[in-house]
Structures are given as C-alpha cells and as structure tokens.
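Report on the structure given below.
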Ligand SMILES: Nc1ncnc2c1ncn2[C@@H]1O[C@H](COP(=O)(O)OP(=O)(O)OP(=O)(O)O)[C@@H](O)[C@H]1O
C-alpha cells in the first residue's frame with residue numbers, strides 16, 4: 001500500500017496553523033486517552049488474529065460514531081518504513097505504532113483512523129489510543145473533542161474498566177484515566193539564560209514530566225519540550241488538565257521574562273546570533289537536521305521578539321515538520337542519502353523563506 005497524503009483530512013497538519021493561543025511559544029496541545037477492548041489480551045501479548053479482531057471492531061463501530069464520520073483508515077502495518085517514518089514525523093503516530101522502535105518492526109493490525117479533528121491509533125501499546133491535536137495552548141478544546149469521541153466509541157465498543165482502578169491499560173502508569181495531556185512548548189529564552197533545569201525540576205514536583213520533540217525516549221531538539229502529566233490515577237481528568245494548564249501558563253511567563261532579560265542584558269549579541277541563524281537558513285546549500293532545527297529555533301525566537309517581521313509562525317511550524325528526512329524523500333519521490341537529504345533540506349528551507357518575501361528587520 002502506498003501513502004497518498006492528499007487523502008488525509010487537512011494532510012493531518014491542521015494543528016500546525018498557529019491559530020491557537022500562545023501559538024508563537026506553544027506549538028501544540030495533544031490529549032490522548034488509552035483504552036482497551038474487553039476480552040482480548042493487551043496489544044503486546046495479543047496474537048495477530050486478536051489484534052485484527054480489535055481493528056475489525058473499530059471499523060464496524062466507526063460508521064455509528066459522529067466524531068469518526070468520513071474517516072480515513074490507514075493500515076500502518078501495510079506501509080513501508082519510509083511512509084511510517086513520515087507519519088511519525090507528522091506527529092500522527094507514535095514511534096511504537098510506526099514500528100520504528102528498537103528494530104521490533106510493525107505489528108499486524110497497527111492502524112490509524114483519522115476523523116474530525118480527532119484520531120485513533122489502533123493496536124499501539126493499548127488497543128486504542130484516542131487523540132486530539134490542536135494548535136497552541138488548547139487543553140479544554142482538545143479534551144472536549146477526545147472526550148466526545150470516547151463517549152461515542154465507548155457506547156459501541158466494550159472498554160476494559162475496573163470499578164476501583166478505572167480504565168485498565170497495558171502499562172500500569174496509564175491506568176485510571178488513561179489520559180496524557182501534553183503541550184509542545186518552545187523555550188529558547190530559558191535555555192539561553194540557563195534557567196531551564198530549574199524549571200524542569202519544578203515540573204516534577206507538580207506531578208508533570210517533560211520529554212523531547214517526539215515524546216517518550218526522544219531528544220529535546222530545537223528547544224522544544226513536551227510537558228505532560230505524570231499521574232493518571234486517583235485524580236479526575238479536570239484536575240489533571242487544570243494542573244497542566246496552570247503550570248504551562250507559568251512556564252510561558254518565565255519564558256517571556258527570560259526573553260526580556262536577554263534583550264536587556266545582551267541585546268546586540270542575541271540580535272546578531274538570531275540574524276545569523278536566519279542568514280544561514282536563507283542561503284545555506286546543505287543543512288543537517290540538527291542544524292536546521294537549531295537555526296529554526298533561533299528564527300522563531302527572533303519572530304517572537306519582533307526582531308524579524310513578516311515571517312509567519314505557520315511557515316516556521318511547517319518548516320519544522322516538512323524539513324525532516326522522510327518528508328523530503330516523499331517530496332522528491334525517491335529515497336535520499338544523508339548528503340542528498342541535507343541539500344534537499346537547504347533548498348526547501350531557502351525556497352520557503354524566499355516565498356515569504358516580507359521577512360525583514
Ligand atoms: N503536544 C504535542 N504536540 C504534537 N505531538 C505530540 C504532542 N504530545 C505528544 N505528541 C506526539 O505523540 C506521540 C506519542 O508521544 P508520547 O510518547 O509522549 O506519548 P504517549 O501517548 O503518552 O505514549 P507513552 O504511552 O509511550 O507514554 C509522539 O509521536 C509525539 O511526538
């Protein structure tokens with residue numbers, strides 16, 4: 001099966017459009033609910049036939065679920081590695097569902113169902129991972145969408161539920177609400193002022209945790225941190241969401257303060273550094289992914305500080321995703337060596353910035 005991205009609703013990237021609150025600092029909010037279908041072993045222990053039956057149950061239920069009307073179903077297990085990598089780069093599937101983790105390969109029955117502003121990963125670590133992704137800081141909106149999907153689907157598919165523990169999950173850390181609420185936040189000011197470790201240590205005391213750009217086990221690149229709840233048991237969804245939103249508001253304030261301090265104490269050094277980042281992206285002929293991510297982070301900061309004007313956050317968001325290797329190979333229609341990918345990346349970034357002709361001081 002080949003992947004035709006034009007079939008995906010909004011290409012699966014409506015959340016990149018920078019329409020949400022604090023979109024210059026918060027790239028996106030994601031809420032996911034882990035659910036399992038009663039009567040089957042958890043995904044990692046299930047046999048192929050069981051996982052296929054789980055998938056069949058979701059397919060049968062979908063026409064009766066309003067949030068999944070007109071959905072697109074992608075059989076991830078029928079896609080090649082490059083295509084699965086592309087879905088992962090687009091933040092539509094986890095590394096685990098894409099079968100990109102530790103050489104284990106993709107599981108039979110692994111699928112992604114894209115609905116109206118929500119999606120379902122089928123046969124991830126849990127049978128179902130219901131998720132909603134939104135632009136900016138949008139905890140309530142994302143939760144409402146995923147809660148609706150949960151109620152509709154739960155009315156059709158029997159979930160594994162325990163009256164004392166709540167929703168049962170493959171990993172005990174998800175048991176209870178089964179919810180992880182996360183925001184992907186850009187914190188270059190706190191990194192440059194070296195305050196970031198204090199802020200990250202503080203998160204842990206509030207029952208939150210941080211991860212890299214691609215979630216569990218991934219590195220922090222381009223100063224993007226994914227902040228999410230650590231606890232899922234013993235507190236209501238509302239309490240967990242409220243706690244996350246309040247802490248993220250505080251982190252945004254500290255980031256803004258750090259940016260003010262940087263401008264006040266090292267204005268011309270920062271300005272020089274950020275314009276150099278822009279210059280490199282605008283004219284380089286070869287860019288590694290790390291370089292691109294770091295310079296894009298600098299330019300994003302420059303836009304936030306209003307040092308660079310006329311460059312939209314939407315363009316920067318798209319660059320962040322579309323300059324990754326599987327996206328470049330897809331656009332070129334063939335596999336690329338590392339050197340070719342670096343050249344293709346530089347060309348793509350150059351053209352995108354040239355098209356945004358208004359970028360100026
Ligand atoms: N706020 C966010 N914006 C965009 N993508 C996100 C966000 N949060 C998580 N993701 C993406 O969702 C996928 C899963 O992330 P992560 O591993 O943190 O979550 P999870 O569903 O809680 O999985 P686990 O059970 O392994 O903890 C990753 O591809 C990650 O990039």
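The values are calculated or read from the model by the stated rules, or taken from the named source; none is laboratory data. From a predicted model like this one, the values you see are computed outputs, not experimental measurements. Virtual Cβ from ideal backbone geometry, glycine too; neighbours counted across all protein chains shown.
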(request) Would you be able to tell me the number of residues in the range 158-187 that are within 23 Å of residue 133 (Cα to Cα) and either away from the ligand (no atom under 16 Å from the Cβ) or surrounded by fewer than 17 Cβ atoms within 10 Å (Cβ to Cβ) (or both)? (result) 3
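Residues checked against (1) more than 17 Å from the chain's Cα centre (by Cα); (2) touching a residue at least 24 places away in the same chain (Cβ under 8 Å); (3) surrounded by 19 or more Cβ atoms within 10 Å (Cβ to Cβ):
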residue	(1), (2), (3)
290	yes, yes, no
297	no, yes, yes
306	yes, no, no
309	yes, yes, no
314	no, yes, no
321	no, yes, no
326	no, yes, yes
331	yes, no, no
(message) Going residue by residue through the range 116-123, is there one that turns out to be crowded, with 23+ Cβ neighbours inside 10 Å, more than 12 Å from the ligand (Cβ to nearest atom) and more than 19 Å from residue 44 (Cα to Cα)?
(response) yes
(message) Quick check on this structure: which one of 147, 152 is part of a helix (DSSP H, G or I), in contact with a helix residue (DSSP H, G or I) (Cβ under 6 Å, 6 or more places away or on another chain) and more than 30 Å from residue 316 (Cβ to Cβ)?
(response) 152
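The rows are residues; the columns are (1) within 13 Å of the ligand (Cβ to nearest atom); (2) under 21 Å from residue 170 (Cβ atoms).
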site: 3; (1), (2): no, no
site: 7; (1), (2): no, no
site: 31; (1), (2): yes, yes
site: 45; (1), (2): no, yes
site: 52; (1), (2): no, yes
(request) Assess whether residue 35 counts as being within 14 Å of the ligand (Cβ to nearest atom), touching a helix residue (DSSP H, G or I) at 6+ places or on another chain (Cβ under 8 Å) and either at pLDDT 95 or above or in the same structural domain as residue 315 (by the TED database) (or both). (result) yes
(message) Kindly evaluate residue 69 against the criterion of being in contact with a helix residue (DSSP H, G or I) (Cβ under 9 Å, 6 or more places away or on another chain) and within 16 Å of the ligand (Cβ to nearest atom).
(response) no
(message) Please determine whether any residue of the range 223-244 is at pLDDT 90 or above, more than 13 Å from the ligand (Cβ to nearest atom) and more than 21 Å from residue 178 (Cα to Cα).
(response) yes
